[in-house]
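> The structure follows.
Just so it is clear, none of the values below were taken in a lab; they were calculated from the coordinates. Quantities reported herein were computed from a predicted structural model and do not represent experimental measurements. Glycine gets a Cβ as well: all are built from the backbone with ideal geometry, and neighbour counts include every protein chain shown.
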Ligand code: AMP
């Protein structure tokens with residue numbers, strides 16, 4: 001099954017994708033994770049995108065499309081994938097349709113007030129990328145990842161000015177994808193506000209695995 005996860009930052013796409021991988025046994029491709037790994041490795045890509053990402057803006061379409069096109073050419077995604085954080089603009093969606101057609105687009109719906117609460121408390125493992133939350137899901141040992149022992153930190157773009165910017169960017173550039181995919185008849189809505197387990201059950205029903 002070829003899936004796209006759509007929704008504002010903080011909707012829980014990354015958390016849900018980790019659960020969906022266990023259910024569907026398909027690779028999870030997150031452009032945000034790819035960019036953050038490149039930044040950590042100080043690769044040419046990382047150096048190019050760091051300031052853009054820290055400010056909460058979008059990396060240019062050409063760079064992002066090339067990266068996803070290359071990833072989707074690999075053998076492990078022939079039968080399915082979860083694209084998380086891509087596409088984020090109409091040109092990205094149009095480009096994707098030229099090299100891969102998704103079966104379903106899952107739209108994780110959540111109001112801005114919940115996004116602000118979630119992202120303000122989000123902590124991320126620098127090593128494995130697992131997401132925690134200071135109130136709802138804190139690491140057992142402060143500052144250390146429960147799964148790999150890596151350092152747990154606050155993403156630069158989860159600081160308040162960047163969160164606002166990312167929400168603005170989402171509304172202006174990414175939200176139009178909801179109608180784009182609804183018109184294609186492949187969009188399913190999932191309420192992202194309840195607890196993770198409830199969202200997982202609703203997700204399973206939405207993709208016919210419930
Ligand atoms: P995410 O982890 O999905 O929240 O992505 C973090 C940041 O990476 C975004 O705020 C953008 O700066 C950048 N990014 C991730 N995916 C894309 C994309 N499809 N197009 C442009 N920029 C992206």
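> Please state which of the following conditions residue 121 fails to meet, knowing it meets all the rest: (1) touching a strand residue (DSSP E or B) at 6+ places or on another chain (Cβ under 9 Å); (2) free of Cβ contacts under 8 Å to residues at least 40 places away in the same chain; (3) over 20 Å from residue 36 (Cβ atoms).
(3)
> Looking at (1) within 9 Å of the ligand (Cβ to nearest atom); (2) without any contact (Cβ under 8 Å) to a residue 40 or more places away in the chain; (3) not in a loop (DSSP other than H, G, I, E, B), find the lone condition where residue 70 falls short.
Just one mismatch for residue 70, condition (1).
> Right, next: If I filter the stretch 16-59 down to residues being outside any helix (DSSP H, G or I) and in contact with a strand residue (DSSP E or B) (Cβ under 9 Å, 6 or more places away or on another chain), which single residue comes out as nearest to the ligand (Cβ to nearest atom)?
30
> Can you find even one residue in the stretch 2-13 that is farther than 21 Å from residue 110 by Cα and surrounded by fewer than 21 Cβ atoms within 10 Å (Cβ to Cβ)?
The answer is yes, given that some residue of the stretch 2-13 is farther than 21 Å from residue 110 by Cα and surrounded by fewer than 21 Cβ atoms within 10 Å (Cβ to Cβ).
> Please determine, by comparing only the residues of the stretch 73-87 that are out of contact with any helix residue (DSSP H, G or I) (no Cβ under 6 Å at 6 or more places or on another chain) and touching a residue at least 40 places away in the same chain (Cβ under 8 Å), which one is nearest to residue 35 (Cα to Cα).
Ranking the qualifying residues of the stretch 73-87, first place goes to 83.
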